Amino acid sequence: MTRRVALGVYALIIAVPLLVVVFGTVKTTQQLFAAPLGLPTSPTGANYATVVGNGEIVVALRNSVVVTVCVLLVTLALATTAAFAFARLRGVLAAAAYGFVVAGMAIPVQASMVPQFVLFDLLGLTDSLLGLVVVQSVMGLPIAVFILTGFMRTLPRELFEAADLDGASPWRTFRSIVLPLSTPSLAAAAIFLLVISWNDLLYPLLLITDPAKRTLPLTLLGFTGEYLTDYPLLFTGVVLASAPLALAYVFLQRWFVAGLTAGSVKG
Amino acid sequence: MTTVAAPVGAAPRATSATVRPRGRGRLALWLFAAPALVFYTYFLAVPTLQTALYSITDWDGYSGDFAWVGGGNYADIATNDSQFRNALVNSLQFTLVVAVAQTVLSLALAVLLLRNTRGAVLLRALFFFPAILSSVAVAFVWKFVLDPQVGPLEPVLAAVGLGGGQYLAAPGTAVLWLALVQVWAHAGQLMVVYIAGLQQIPKVLYEAAEVDGATRWERFRHVTLPLILPTGLIVLAYTTVQSFKAFDLVLGLGGNPPNPPLDILATRIYGGFADSQFGYAAAESVVFLALIALITWLQRRLVGRDLTEDAS
């Protein structure tokens with residue numbers, strides 16, 4: 001009984017703020033302030049019209065999609081190949097190289113961001129989506145290598161030996177055997193990178209000043225200056241920026257949980 | 001099957017059963033690792049090391065010349081930087097509250113939702129959900145909920161005598177509200193980590209305890225708790241680092257730059273960077289990194305010792 005009450009209360013604590021926001025997007029400011037918890041009585045599309053009509057969020061959505069997709073491709077390409085090598089190579093040097101890359105997981109962004117800014121400025125990668133792709137990829141690389149190497153090491157060695165016996169080149173073994181078998185860990189790593197890249201605020205803040213190059217979190221942050229405390233408009237921004245991942249979560253929930261958990265349990 | 005390479009000249013079949021990548025095979029494997037190693041070294045490892053170098057300069061980030069100031073920045077941080085001290089105190093308070101609250105709450109949720117019933121699976125999905133939202137989005141949700149004029153929580157807080165405050169702007173207590181938001185967003189994520197750990201505990205232990213007449217609480221205290229402690233340590237360490245880095249949440253709730261009651265180290269370092277104090281911000285980064293390392297090490301020692309005592 002107490003169990004049910006406790007869970008019920010916590011469910012309300014999580015769900016009510018979310019519902020207030022979703023319902024708030026179809027209310028006027030007056031309606032929201034008068035009855036923040038109430039169901040929308042006369043839903044309006046005006047907030048969506050204003051926010052979408054303003055255009056910034058559409059640009060940001062496009063930029064976020066481009067950056068996130070590229071980050072996934074670049075990071076997974078680099079991480080799967082490296083993991084394949086680390087899972088197979090033995091010896092001190094290989095262990096050291098693996099430890100070197102994985103150590104990146106323990107380093108907070110603050111430890112590298114200032115010189116990174118200088119480097120990207122030098123390379124002309126500020127105010128550029130390519131710059132965001134590069135920096136978010138390198139920040140996601142250690143954890144992706146960690147997840148994928150951990151998985152590839154559990155593959156039976158007979159598999160590699162059989163491939164060697166058949167005269168398969170390492171590339172062939174990688175492409176035709178290891179990669180297809182690694183789909184579960186690939187999915188986990190991909191989801192982790194997706195969430196991290198989609199929600200990243202620090203690097204866009206650091207590298208982007210051109211409004212045309214902003215991604216969703218940066219545009220959303222800018223809304224506080226623009227709409228001040230016009231909450232229905234802020235909420236509309238929140239819903240539009242969160243909808244893609246929220247929808248994906250509904251369908252791929254298992255993978256979201258696996259990916260984010262793999263990201264947190266690094267021991 | 002042995003892992004030692006077979007001697008040259010042995011029967012082909014015997015050799016190949018024990019092959020390990022050698023010679024050209026080894027080189028090919030290193031080529032697989034090379035792109036990631038180069039990319040990582042150039043864009044992350046070297047900049048991280050450069051931070052230490054920057055930290056002993058007074059470079060402003062754009063002018064051509066700078067001076068080596070040795071430990072000057074560090075001395076300033078330690079002795080006469082009230083902004084840094086404010087952010088440090090806020091960070092420590094915030095992290096302490098989040099670490100304790102989140103480690104305990106997410107364990108409680110995990111215990112309550114351990115069974116794979118339909119309802120439990122649904123609730124787990126709901127509790128996990130905030131973790132996929134951007135912190136800026138979470139911040140806007142709570143900016144409204146905690147708005148002292150129009151927020152829906154105000155009447156509730158007023159009813160219990162906590163009303164009338166400027167929750168997110170009140171010196172000393174603003175970080176507690178920040179902690180509440182952080183826990184709201186991430187307790188469900190760590191609940192999942194605990195559930196994975198709890199499901200590893202062999203059922204026979206509970207059955208044995210039940211046969212011995214242990215109550216529910218006794219079973220939790222003497223079976224669940226000692227066996228879940230290693231997971232708890234992981235959750236604690238992760239939570240600590242995560243709260244130290246709660247940069248986006250603070251900017252979303254406290255503005256950019258954040259008001260002082262919400263300023264934490266992560267935002268302070270960014271503030272120094274934004275003010276073109278590259279050398280100084282780098283020194284703050286080094287202190288920040290050292291602090292995280294120290295706290296993680298202390299946790300491992302303290303909780304780790306409890307662990308071994310419990311096991312013996």
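Quick note: the coordinates plus some simple rules give every number you see, no bench work behind them. All figures in this text were calculated on a predicted structure; none of them were measured in a lab. For neighbour counting, all protein chains shown are included, and Cβ atoms are generated from backbone atoms with ideal geometry for every residue, glycine included.
Couple of notes before you dig in:
- Rough spin-label spacing in nm, given labels placed 7 Å along Cα→Cβ, for B:Asp60 and B:Val46: 2.7 nm
- Summed side-chain charge close to A:Leu61 - residues other than A:Leu61 whose Cβ falls under 14 Å, Lys, Arg +1, Asp, Glu -1: +2
- Percentage relative contact order, chain B, counting C-alpha pairs under 8 Å, at least six apart: 27 percent
- Working from the Cα coordinates of the protein assembly as shown, the gyration tensor eigenvalues give, after taking √(5λ), semi-axes of 40, 32, 25 Å in decreasing order.
- Shown for chain B are the DSSP H helices of 24 Å or more along their axis, judged by Cα atoms, with a mean Kyte-Doolittle hydropathy of at least 1.6: B:174-198.
- Farthest positive-ward along the stretch B:211-290 dipole, Cα basis, beta-carbon charges - from B:Leu251, B:Thr215, B:Leu262: B:Thr215
- Note on B:Lys203 and B:Asn86: their simple-model spin labels are 5.7 nm apart, each label 7 Å out from Cα toward Cβ.
- Multiplying the residue separation of B:Glu218 and B:Val156 by 0.36 nm and removing their Cα-Cα distance gives an extension gain of 18.7 nm.
- For the stretch B:241-284, the gyration tensor built on C-alpha atoms gives an oblate shape. Its axis ratio a/c (a ≥ b ≥ c) is at least 1.5, and a/b is not larger than b/c.
- Solution diffusion estimate, µm²/s, Stokes-Einstein, the stretch A:146-267, Kirkwood Rh from C-alpha pairs, 20 °C, viscosity 1.002 mPa s: 122 µm²/s
- In the stretch A:7-115, trypsin sites (Lys or Arg not before Pro) in a DSSP loop with at most 14 other beta-carbon atoms within 10 Å: A:Arg90
- Packing-based exposure ordering (other Cβ within 10 Å, fewest first) of A:Ile208, B:Ile201: B:Ile201, A:Ile208
- For the stretch A:196-258, the normalised intensity computed at q = 0.14, 0.25, 0.30 Å⁻¹ comes to -0.49, -1.06, -1.21 (log10 of I(q)/I(0), Debye sum over alpha carbons, equal scatterers, no solvent).
- Principal axis dimensions, the stretch A:38-100 - Cα atoms, whole angstrom, descending: 68, 28, 16
- Counted over all Cα-Cα pairs of the stretch A:33-186, pairs farther apart than 20 Å make up 65 percent.
- Candidates A:Asp166, A:Asp200, A:Asp121: whichever shows maximal mean-square fluctuation once chain A is modelled as a Gaussian network with Cα springs under 10 Å: A:Asp166
- Considering only B:Ala209, B:Ala290, B:Ala78, the Gaussian network model of chain B with Cα springs below 10 Å gives its largest mean-square fluctuation to B:Ala209.
- Two-site FRET efficiency, A:Leu12 against A:Leu179, from Cβ-Cβ distance with R₀ of 45 Å, rounded to 0.05: 0.50
- Relative exposure of B:Val156, A:Val71, B:Val241, A:Val135, judged by other C-beta atoms within 10 Å (fewest first): B:Val156, B:Val241, A:Val71, A:Val135
- Pairwise FRET efficiency - A:Ser42 versus B:Ala293, Cβ, R0 = 41 Å, nearest 0.05: 0.15
- Percent of Cα pairs in chain B per distance bin of 10 Å, from zero to the largest separation: 5, 18, 22, 21, 18, 10, 4, 1, 0.
- Total charge dipole magnitude, chain B, about the Cα centre, Cβ charges on Lys, Arg, Asp, Glu only, Debye to nearest 20: 1600 debye
- Computed E for B:Val121/A:Asp127 - FRET, C-beta separation, R0 41 angstrom, nearest 0.05: 0.35
- Quarter of Cα convex hull surface for the stretch A:1-89, i.e. mean projection, nm²: 11.3 nm²
- Counting every pair of alpha carbons in the stretch B:173-312, the share spaced more than 18 Å apart comes to 68 percent.
- Relative exposure of A:Tyr231, A:Tyr249, judged by other C-beta atoms within 10 Å (fewest first): A:Tyr249, A:Tyr231
- Calculated [222 nm] ellipticity per residue, helices only, for chain A: -24000 deg cm²/dmol; basis is -39500 (n - 2.57) per DSSP H run with n ≥ 4, divided by all residues, nearest 500.
- Inter-chain Cβ neighbour average for residues B:245-252, partner chain, 10 Å: 4
- Electrostatic tally near A:Gly222: other residues with Cβ closer than 11 Å to its Cβ, Lys and Arg +1, Asp and Glu -1, net -1.
- Amide N of the stretch A:85-118 lying under 14 Å from the label point, which is placed 7 angstrom from the Cα of A:Leu155 along Cα→Cβ: A:85-89
- Judged by the mean number of other Cβ atoms found within 10 Å, the most tightly packed of the peptides A:145-151, A:175-181, A:47-53, B:87-93 leads the ranking A:145-151, B:87-93, A:47-53, A:175-181.
- Around the Cα centre of the protein assembly as shown, unit charges on the Cβ atoms of Lys, Arg, Asp and Glu (plus for the first two, minus for the last two) sum to a dipole of about 2120 debye.
- In chain A, the inverse of the mean reciprocal separation of distinct Cα atoms equals 21.2 Å; this is its Kirkwood hydrodynamic radius.
- Per the Cα gyration tensor, the stretch A:158-226 maps to an equivalent ellipsoid with semi-axes of 45, 12, 7 Å, ordered largest to smallest.
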